[in-house]
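Okay, structure first, notes after.
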Amino acid sequence: MTRILLIGAPIAVAVSVWFGGDGEPQRPKDDPSLRISRTAAAPDPLKAGTPEQQRELEERIDALPPGLADPAKKEIAARLVASAENSTLDWRSQYGVIEDIGDGNGYTAGIIGFCSGTNDMLQLVEHFTERHPGNPLARYLPALREVDGSDSHEGLGAPFEAAWAKAAQDPAFREAQDLMRDRIYFDPAVRLAKMDGLSTLGQFIYYDAMVLHGPGLGPQGFYGIREAAMAAADTAAEGGDEKAFLGAFLDAGRHVISRQKTEQTRDSSRIDTAQRVFLRQGNMDLQTPLEWRVYGETFRIDS
């Protein structure tokens, strides 16, 4: 994991496209107030557009085909991410996994790599504890708040690791992980990709980048990477070529990966020998069979 410190999960995202009456993405030529500003820093997605514009845009997005949110495609996405995060296609076996992989983010755990140093693990445990106060992880909330933003294990350690594994045996905690994965990463990424007029593959590329880099606004976060790509190519919703834009997005993400601290976090095979392969093949709907390589290991999904 190389994600930077989270700033919270942006559910309302930056307005960068408008949709016609038929629900098809169109370049917003007639209303420049809806266009995203091309500045060096990514805009705050929570402050773009009026509430009325946001509501209408959300309705338009809801009317679009499900894309990656289709259950079969979402399962493929989960397996693709698990191959990069945990070297397995069996993502459901990862709820109880917890370790420090030495990337500076403290503990990495669960189905999406919730990290003690990047706020998403804290969000998860707070959410779970609100609904299930007596859970094994509740006593560690003060420590999680203290270590948030660092790689420290202070107040956690082996007892916390055991508590995580015990909590993962509870279906309610597994459900909480699913919910927070969707709330922090999957839903914002897919909805923003639809706003940008992207295919199912493009939606997955956004989702994977959101998981890897976190929903940060800086140059190393997801929104900063998207802004760098938009400076290099128009999105499909702006009338650009989707493959060209996704190539620029992958270039921007790979640049961030190349500047990471360790050899492990600098590995860009999830881009080079997975996502670029699908893009070169023109597999914009993520049709199976899919075959790719991550960390030198070959994976395949037949159906």
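Any residue at all in segment 123-134 that is surrounded by 15 or more Cβ atoms within 10 Å (Cβ to Cβ), in contact with a Cys (Cβ under 9 Å, 6 or more places away or on another chain), touching a residue at least 12 places away in the same chain (Cβ under 8 Å) and at negative phi?
Scanning segment 123-134, I find no residue that is surrounded by 15 or more Cβ atoms within 10 Å (Cβ to Cβ), in contact with a Cys (Cβ under 9 Å, 6 or more places away or on another chain), touching a residue at least 12 places away in the same chain (Cβ under 8 Å) and at negative phi, so the answer is no.
Which residues, taken from segment 253-282, are crowded, with 16+ Cβ neighbours inside 10 Å and not in a helix (DSSP H, G or I)?
Within segment 253-282, 260, 267, 268 qualify.
Quick one: would you say residue 185 is over 25 Å from residue 132 (Cβ atoms) and among the aromatic types (Phe, Trp, Tyr)?
No: the conditions fail for residue 185.
Tell me, yes or no, whether segment 296-303 has at least one residue that is assigned by TED's automatic domain parsing to the domain that holds residue 220, under 22 Å from residue 199 (Cα atoms), out of contact with any His (no Cβ under 6 Å at 6 or more places or on another chain) and at pLDDT below 95.
yes
With the condition kept exactly as written, say whether any residue in segment 184-203 is out of contact with any strand residue (DSSP E or B) (no Cβ under 7 Å at 6 or more places or on another chain), assigned to a helix (DSSP H, G or I) and surrounded by fewer than 20 Cβ atoms within 10 Å (Cβ to Cβ).
yes
Quick grid of which residues meet (1) among the β-branched types (Val, Ile, Thr); (2) under 30 Å from residue 71 (Cβ atoms); (3) in the same structural domain as residue 289 (by TED's automatic domain parsing):
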| residue | (1), (2), (3) |
| --- | --- |
| 146 | no, no, no |
| 191 | no, yes, yes |
| 217 | no, no, yes |
| 230 | no, no, yes |
| 245 | no, yes, yes |
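Which is closer than 30 Å to residue 194 by Cα and surrounded by fewer than 18 Cβ atoms within 10 Å (Cβ to Cβ), of 71, 159, 171?
Going through 71, 159, 171 in turn, just one is closer than 30 Å to residue 194 by Cα and surrounded by fewer than 18 Cβ atoms within 10 Å (Cβ to Cβ): 71.
Of the residues that make up segment 197-209, is at least one of a type in the set (D, E, K, R), at pLDDT 95 or above and more than 23 Å from residue 287 (Cβ to Cβ)?
no
Could you check, for segment 101-120, whether at least one of its residues is closer than 20 Å to residue 170 by Cα, free of Cβ contacts under 8 Å to residues at least 24 places away in the same chain and buried (at least 22 other Cβ atoms within 10 Å of the Cβ)?
There is no residue in segment 101-120 that is closer than 20 Å to residue 170 by Cα, free of Cβ contacts under 8 Å to residues at least 24 places away in the same chain and buried (at least 22 other Cβ atoms within 10 Å of the Cβ).
So which residues in segment 247-303 are out of contact with any strand residue (DSSP E or B) (no Cβ under 6 Å at 6 or more places or on another chain), small (Gly, Ala, Ser) and more than 18 Å from residue 68 (Cα to Cα), if there are any at all?
247, 248, 252, 253, 258, 268, 296, listed by residue number.
If you go through segment 144-154 one residue at a time, do you hit one that is small (Gly, Ala, Ser) and in contact (Cβ under 8 Å) with a residue 60 or more places away in the chain?
Checking segment 144-154: at least one residue is small (Gly, Ala, Ser) and in contact (Cβ under 8 Å) with a residue 60 or more places away in the chain.
Just to be sure before I move on: is residue 246 farther than 30 Å from residue 131 by Cβ, part of a loop (DSSP other than H, G, I, E, B) and of a type in the set (A, V, I, L, M) in the structure I sent?
No: the conditions fail for residue 246.
Condition check ((1) in contact with a Ser or Thr (Cβ under 8 Å, 6 or more places away or on another chain); (2) modelled with pLDDT of 90 or more; (3) farther than 30 Å from residue 219 by Cβ) across all residues:
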site	(1), (2), (3)
9	no, no, no
13	no, no, no
20	no, no, yes
31	no, no, no
46	no, no, no
54	no, no, no
57	no, no, no
82	yes, yes, no
99	yes, yes, no
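Using beta carbons and a limit of 8 Å, which pairs, at least six apart or on different chains, have the first residue in segment 276-303 and free of Cβ contacts under 8 Å to residues at least 40 places away in the same chain and the second one of a type in the set (Ser, Thr, Tyr)?
289/303; 291/298; 293/269; 293/273; 296/269; 302/288; 303/288
The values are calculated or read from the model by the stated rules, or taken from the named source; none is laboratory data. Not measured: the values here are computed from a predicted model. Note: ideal-geometry Cβ built from the backbone for every residue, glycine included; neighbour counts use all protein chains shown.
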